[in-house]
Amino acid sequence: MTAGPEISATVGIIAGGGVLPFSVAEALRARGIAPFIFAVRGFCDPVRVTQFPHHWVALGQVGRLTRLIRSEGCRDIVFLGGMVRPALSDVRLDWGTVRAIPAIAAALRGGDDHLLTGVSRIFERHGFRVVGIGDVAPELLMPEGSLTRRVPDADALADIAKGRDLLRALGPFDVGQAVVVVDGHVVAVEDIEGTDALLARVARLREEKRIRAKAGRGVLVKTPKTSQDLRFDLPTLGPRTIDGIVAAGLAGIGTVAGHSLVAEADVMTAKADQAGLFVTGLPL
């Protein structure tokens, strides 16, 4: 792996939902780098964010956000956490946003990758450097090989290979990053609702007897999209993923090593071991 850029003394985390922004903030602290969280109202956890220096911002406050980032001395910023794509009517406009409306509107017309890349360019034009988790917290990237005691058997490896082939083919369409394959059959593909909803859908299919294979077979496969900007929206797994896999009756998960993120790895691995599942990092 090539060395990443030298990171500034304070890193700004533009934080949506989930645990990932806080996992990265803790990793930065452990490396002696100061995290500063810019918490997006309605998405970022209002309890956990109090553990870190932070400011609250609303969607659409580009001007306020850039001023705050600059005032806190953050050259490098990273976008983390889940967020629902907003309608323009839901965006609270400040003057900085008004000036950026043409760029924001153009970004909203594409898929998620197009949106994130477009938004990053707005901040880069203000002089900030947008970095990825691989730059600021590489220890959160999925390693190659199994994290769990259980490893995938031949049937699971065949399902993983099929899932990777499908995701590779779907990549140019910016559809999703995950698929469930059971005994060679593609049973569900991730859509705009995300991985948790994908696994819940598989659980319903099992309850409805639409999936005939017995529980404990089949895999969740997660990979980045073709030509994805790896600074943004890497496939992510954590303890909630394991809960979803258990409910869906699958054998485990395969995700690309070095190009996927693991949140709360110790908790996730313990849950997977307790449930007899595998979590494995796949070679690129």
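Every number in this text was worked out from the coordinates using simple rules, so none of it is lab data. Just so we're clear, the structure is a prediction, and the values are computed from it rather than from any experiment. With ideal geometry, Cβ positions are generated from the backbone for all residues, glycine too; neighbour counts draw on all protein chains shown.
Angle, helix 239-248 long axis vs. longest principal axis of the chain, Cα atoms, 0 to 90°, nearest 10? Result, in degrees: 30.
Listed values for segment 172-187 are Karplus-derived 3J(HN,Hα) couplings in whole Hz (6.51 cos²θ - 1.76 cosθ + 1.60, θ = phi - 60°), namely x, 8, 6, 8, x, 10, 9, 8, 10, 10, 10, 6, x, 9, 6, 9, and x replaces Gly and Pro. Between ALA197 and SER227, the modelled labels are 2.6 nm apart [label points 7 Å from Cα along Cα→Cβ].
For the pair ALA9 and ARG48, label points projected 7 Å from Cα toward Cβ lie 2.8 nm apart.
As a rough footprinting exposure proxy, the listed residues ARG231, ARG31 were ranked by other beta carbons within 10 Å of their own, and the order from fewest upward is ARG31, ARG231. Taking the longest Cα principal axis of the chain as reference, the axis of helix 95-108 is set at about 30 degrees.
Neighbour counting of Cβ atoms within 10 Å sorts the residues ASP153, ASP159, ASP196, fewest neighbours leading, into ASP153, ASP196, ASP159. Taking the C-alpha atoms only, the angle from helix 112-125 to the longest principal axis of the chain is near 20 degrees.
Extension gain ALA275-ASP165, at 0.36 nm per residue separation less the Cα-Cα distance, in nm? Spell out each step's value before the answer.
Working: separation 110, 0.36 × 110 = 39.60 nm, distance 2.76 nm.
Once the chain is fully extended between ALA275 and ASP165, it gains 36.8 nm.
Taking neighbour Cβ counts within 10 Å as the exposure measure, how do THR241, THR226, THR66 sort from fewest upward? Write down the numbers at each step before the final one.
Numbers: THR241 26, THR226 14, THR66 19.
Taking fewest neighbouring Cβ atoms as first place, the list is THR226, THR66, THR241.
Which shape class applies to segment 146-284: rounded if a/c is under 1.5, otherwise prolate when a/b exceeds b/c and oblate if not, where a ≥ b ≥ c are the square roots of the Cα gyration tensor eigenvalues? Because its axes are fairly even, with a/c under 1.5, segment 146-284 counts as rounded.
Helical runs (DSSP H, four residues minimum) scored at -39500 (n - 2.57) apiece and divided by the length of the chain put the mean residue ellipticity at 222 nm at -11000 deg cm²/dmol.
Couplings 3J(HN,Hα) for segment 18-30, derived from phi with the Karplus relation 6.51 cos²θ - 1.76 cosθ + 1.60 (θ = phi - 60°), are x, 8, 4, x, 7, 4, 5, 4, 5, 5, 4, 4, 5 Hz, where x marks Gly and Pro. Taking 0.36 nm per residue of sequence separation and removing the Cα-Cα distance, the HIS55/VAL267 pair yields an extension gain of 73.5 nm.
For segment 56-64, putting each phi into the Karplus relation 6.51 cos²θ - 1.76 cosθ + 1.60 with θ = phi - 60° gives couplings of 9, 9, 9, 4, x, 8, 5, x, 4 Hz, in residue order, rounded to whole numbers and with x for Gly and Pro.
Rounded if a/c is under 1.5, else prolate if a/b is larger than b/c, else oblate: which is the chain, with a ≥ b ≥ c the root eigenvalues of its Cα gyration tensor? Working shown, then result.
On the way: a/c = 2.04, a/b = 1.65, b/c = 1.24.
Prolate, because a/c is 1.5 or more and a/b exceeds b/c.
Once the chain from ASP183 to GLU26 is taken as fully extended at 0.36 nm per residue, the excess over their C-alpha distance is 52.6 nm.
Return the percentage of antiparallel bridges among DSSP beta bridges fully within the chain, rounded to the nearest 5 %.
Values: 12 of 40 bridges.
The answer is about 30 percent antiparallel.
Close amide H partners of GLY17, meaning residues 5 or more places away or on another chain with modelled amide H under 5 Å apart, are GLY82, MET83. Tell me which GluC sites (Glu not before Pro) from segment 188-244 have a DSSP coil assignment and no more than 12 other beta carbons within 10 Å of their own. Taking segment 188-244 and a limit of 12 other Cβ atoms within 10 Å, the loop GluC sites (Glu not before Pro) found are GLU193, GLU208.
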